[in-house]
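Trainee: Sending over a structure as structure tokens; questions will come in a sec.
The values are calculated or read from the model by the stated rules, or taken from the named source; none is laboratory data. For clarity, every value in this text was computed on a predicted model and none was experimentally measured. Note: ideal-geometry Cβ built from the backbone for every residue, glycine included; neighbour counts use all protein chains shown.
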Amino acid sequence: MSAESQTDAPRGPLHGVRILEVGGIGPNPFAGMLLADMGADVLRLDRLGDTGLAFPPEFDPTKRGRAAVAVNLRSDEGKAMVLDLIGEADALIEGYRPGVMERLGLGPDVALERNPRLVFGRMTGWGQDGPMAPVAGHDINYISVAGALGAMRRTGEAPLAPMNLVGDYGGGAMFLAFGVLCGIIEARTSGQGQVVDAAMVDGTAVLTSLMLGLSASGAWAADKPGTNLLDSGAHFYETYATSDGGYIACGAIEPQFYAKLIELMGLTHEEVPQFETARWPEFKLRFAEVFATKTRQEWADILEHEETCATAVLTLAEAASHPHMAARGSFVELDGVVQAQAAPRFSRTPGAARSRITESGAVLSAWGVDDDAQARLRDAGAIG
């Protein structure tokens, strides 16, 4: 979809906000996607010759909604162009290790001198300072040090990494997008930009706030993962295999929901009293026996539309076809790829998942780099 054809799309709540997204993999482009979905004018600057992950961009939803320009950030011409773009931006987001942007001559001091109102968003795993700041890592490492991974295990089992959803995306990209938008709002009052240090370890730590509070109160045994209310300790907050190899997820925490669940399972309070915690392992075995008597769909038909807080566990490939997700349009096929629709939803200025913008030249022109300037930059090897 061209830049022009997208102008007819709904204008999201961030229409008029300009964001430069500088390189990076994982959480940085995910943050760029979130901002673009909400209508921000996001321009991604990739390092010339950097192939990133072996993942064709046409299959990557995190690249949607914006154009990408390959820039030689080591050339004087490339840096000069980026500084010109910084002058037009409300914010910049980057996902390099600490010090990389400074070595490129594009660090916060230089950027804020060019644009004093700029919000300079920095995404790293460990943060901009601290003893591990310069060390390599990935999601699994950040959430392990922040305490989240160690809490995600059943009794007697190894911790299970929740893909890269907690560190990269929950603790990283979403906190980066939130922090940058906070900075933009503040800059519109003060006239001054600032640096946003979005570290995945910090964001992940914030995500564990409830568990830290429960632990302090004595209601959560942090040293005994897999024995607590929300970490698979409770028989009523667990997944169970069905007769066809599928699974059902139970989350019947409140007594009224638990009562309805066990009623439809054919059990009684006398058999499985909810909060007799010493017997939770025994009750898990009883639940497992019952759920193994029917298929996943049979249980879904019985439980999903009742006040049981029990649902079928779907695969990624199945989720878009669930009647509720289909009715809400939670997934959309865009450029041949089924992907999640923009969230959250707005009543008056809705965001939307949009195709990648392939006409990067038109986008650069809109950012003040005219056709002649683009030709000179290409001839100089500054842009691809």
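Trainee: Looking only at the range 142-166, which residues are under 12 Å from the mean Cα position of the chain (by Cα) and more than 16 Å from Ser209 (Cβ to Cβ)? I'd like the intermediate steps shown before the answer.
Mentor: Step one: filter the range 142-166 for residues under 12 Å from the mean Cα position of the chain (by Cα), giving 163-166.
Correct list: Met163, Asn164, Leu165.
Trainee: Give Thr293, Thr315 a once-over and let me know the one that is out of contact with any strand residue (DSSP E or B) (no Cβ under 7 Å at 6 or more places or on another chain), of a type in the set (Val, Ile, Thr), over 24 Å from Thr155 (Cβ atoms) and in contact (Cβ under 8 Å) with a residue 12 or more places away in the chain. Even if it seems obvious, please write down each step before you answer.
Mentor: Working: Thr315 fails: in contact (Cβ under 8 Å) with a residue 12 or more places away in the chain.
Matching residue, one of Thr293, Thr315: Thr293.
Trainee: Of all the residues that make up the range 292-302, how many are surrounded by 15 or more Cβ atoms within 10 Å (Cβ to Cβ) and within 30 Å of the chain's Cα centre (by Cα)?
Mentor: 2
Trainee: Here is a follow-up. When the residues of the range 152-172 are filtered to those that are among the hydrophobic types (A, V, I, L, M, F, W, C) and not in a loop (DSSP other than H, G, I, E, B), which remaining residue is surrounded by the most Cβ atoms within 10 Å (Cβ to Cβ)?
Mentor: Let us first name the residues in the range 152-172 that are among the hydrophobic types (A, V, I, L, M, F, W, C), namely 152, 158, 160-161, 163, 165-166.
Next, only the ones that are not in a loop (DSSP other than H, G, I, E, B) stay: 165-166.
Working: Leu165: 12, Val166: 24.
Looking at the filtered set, the residue picked out is Val166.
Trainee: Quick one: Thr239 ticks every box in (1) of a type in the set (Val, Ile, Thr); (2) more than 21 Å from Ala146 (Cβ to Cβ); (3) in contact with a helix residue (DSSP H, G or I) (Cβ under 8 Å, 6 or more places away or on another chain) bar one, so which box is it?
Mentor: Here Thr239 clears every test but (3).
Trainee: May I ask you to verify whether Val195 is in contact (Cβ under 8 Å) with a residue 40 or more places away in the chain, touching a helix residue (DSSP H, G or I) at 6+ places or on another chain (Cβ under 8 Å) and more than 26 Å from Ala148 (Cα to Cα)? Give the derivation first.
Mentor: Numbers: in contact (Cβ under 8 Å) with a residue 40 or more places away in the chain: yes; touching a helix residue (DSSP H, G or I) at 6+ places or on another chain (Cβ under 8 Å): yes; more than 26 Å from Ala148 (Cα to Cα): yes.
For Val195, the condition - in contact (Cβ under 8 Å) with a residue 40 or more places away in the chain, touching a helix residue (DSSP H, G or I) at 6+ places or on another chain (Cβ under 8 Å) and more than 26 Å from Ala148 (Cα to Cα) - is met.
Trainee: Follow-up. Do we find a residue being closer than 20 Å to Gly32 by Cβ and free of Cβ contacts under 8 Å to residues at least 60 places away in the same chain anywhere in the range 139-156?
Mentor: We begin by selecting, within the range 139-156, every residue closer than 20 Å to Gly32 by Cβ; these are 139, 142.
Now restrict to residues that are free of Cβ contacts under 8 Å to residues at least 60 places away in the same chain: none.
Scanning the range 139-156 turns up no residue that is closer than 20 Å to Gly32 by Cβ and free of Cβ contacts under 8 Å to residues at least 60 places away in the same chain.
Trainee: Also, quick follow-up: Working only within the range 312-333, note down all residues that are buried (at least 17 other Cβ atoms within 10 Å of the Cβ) and closer than 23 Å to Arg345 by Cβ.
Mentor: Within the range 312-333, the first condition is being buried (at least 17 other Cβ atoms within 10 Å of the Cβ), and the residues that meet it are 312, 314, 320, 322, 331.
Listed by number, the residues that qualify are Leu314, Ala320, His322, Phe331.
Trainee: Also: Starting from residues that are among the aliphatic types (A, V, I, L, M) and buried (at least 19 other Cβ atoms within 10 Å of the Cβ), keep the ones in the range 220-279 and report whichever is nearest to the chain's Cα centre (by Cα).
Mentor: Ile248
Trainee: Taking the range 356-384 as the search range and keeping residues that are part of a loop (DSSP other than H, G, I, E, B) and surrounded by fewer than 16 Cβ atoms within 10 Å (Cβ to Cβ), which one is farthest from the chain's Cα centre (by Cα)?
Mentor: As a first pass, look at the range 356-384 and keep what is part of a loop (DSSP other than H, G, I, E, B): 356-359, 367-370, 380-382, 384.
From the residues that got through so far, the ones that are surrounded by fewer than 16 Cβ atoms within 10 Å (Cβ to Cβ) too are 358-359, 368, 370, 380-381, 384.
Values: Thr358: 24, Glu359: 27, Gly368: 31, Asp370: 34, Ala380: 37, Gly381: 34, Gly384: 29 Å.
It comes out as Ala380.
Trainee: State yes or no: is Ala342 surrounded by 12 or more Cβ atoms within 10 Å (Cβ to Cβ), touching a residue at least 40 places away in the same chain (Cβ under 8 Å), in a helix (DSSP H, G or I) and in the same structural domain as Ala36 (by TED's automatic domain parsing)?
Mentor: Details: surrounded by 12 or more Cβ atoms within 10 Å (Cβ to Cβ): yes; touching a residue at least 40 places away in the same chain (Cβ under 8 Å): yes; in a helix (DSSP H, G or I): no; in the same structural domain as Ala36 (by TED's automatic domain parsing): yes.
It is false that Ala342 is surrounded by 12 or more Cβ atoms within 10 Å (Cβ to Cβ), touching a residue at least 40 places away in the same chain (Cβ under 8 Å), in a helix (DSSP H, G or I) and in the same structural domain as Ala36 (by TED's automatic domain parsing).
Trainee: Hey, another quick one. Within the set of pairs 6 or more residues apart or between chains, which connect a residue that is in the same structural domain as Met132 (by TED's automatic domain parsing) inside the range 88-108 to a residue that is part of a strand (DSSP E or B) and among the polar types (S, T, N, Q) with Cβ atoms less than 7 Å apart?
Mentor: Short answer, once both residue conditions are applied: Arg97/Thr124; Pro98/Thr124.
Trainee: For the range 96-151, list the helices (runs of 4 or more DSSP H) that sit wholly inside it and hold at least 1 residues that are touching a helix residue (DSSP H, G or I) at 6+ places or on another chain (Cβ under 8 Å), within 18 Å of Gly183 (Cα to Cα) and not hydrophobic (A, V, I, L, M, F, W, C); which are they?
Mentor: Values: elements: 100-103, 108-114, 139-145.
Because the criterion is at least 1 residues that are touching a helix residue (DSSP H, G or I) at 6+ places or on another chain (Cβ under 8 Å), within 18 Å of Gly183 (Cα to Cα) and not hydrophobic (A, V, I, L, M, F, W, C), the helices (runs of 4 or more DSSP H) in the range 96-151 that meet it are 108-114.
Trainee: As an exercise: evaluate Val206 against (1) in a helix (DSSP H, G or I); (2) buried (at least 16 other Cβ atoms within 10 Å of the Cβ); (3) of a type in the set (Val, Ile, Thr) and give the number of the one condition it does not meet.
Mentor: Evaluating Val206 over (1) in a helix (DSSP H, G or I); (2) buried (at least 16 other Cβ atoms within 10 Å of the Cβ); (3) of a type in the set (Val, Ile, Thr) leaves (2) as the failure.
Trainee: Can you name the condition, by its number, that Gly233 falls short on among (1) without any contact (Cβ under 8 Å) to a residue 60 or more places away in the chain; (2) under 30 Å from Leu165 (Cα atoms); (3) of a type outside the set (A, V, I, L, M, F, W, C)?
Mentor: (1)
Trainee: Still on this structure: Could you tell me which numbered condition Met81 fails, if it satisfies all but one of (1) within 23 Å of Pro108 (Cβ to Cβ); (2) touching a helix residue (DSSP H, G or I) at 6+ places or on another chain (Cβ under 7 Å); (3) outside any helix (DSSP H, G or I)?
Mentor: (3)
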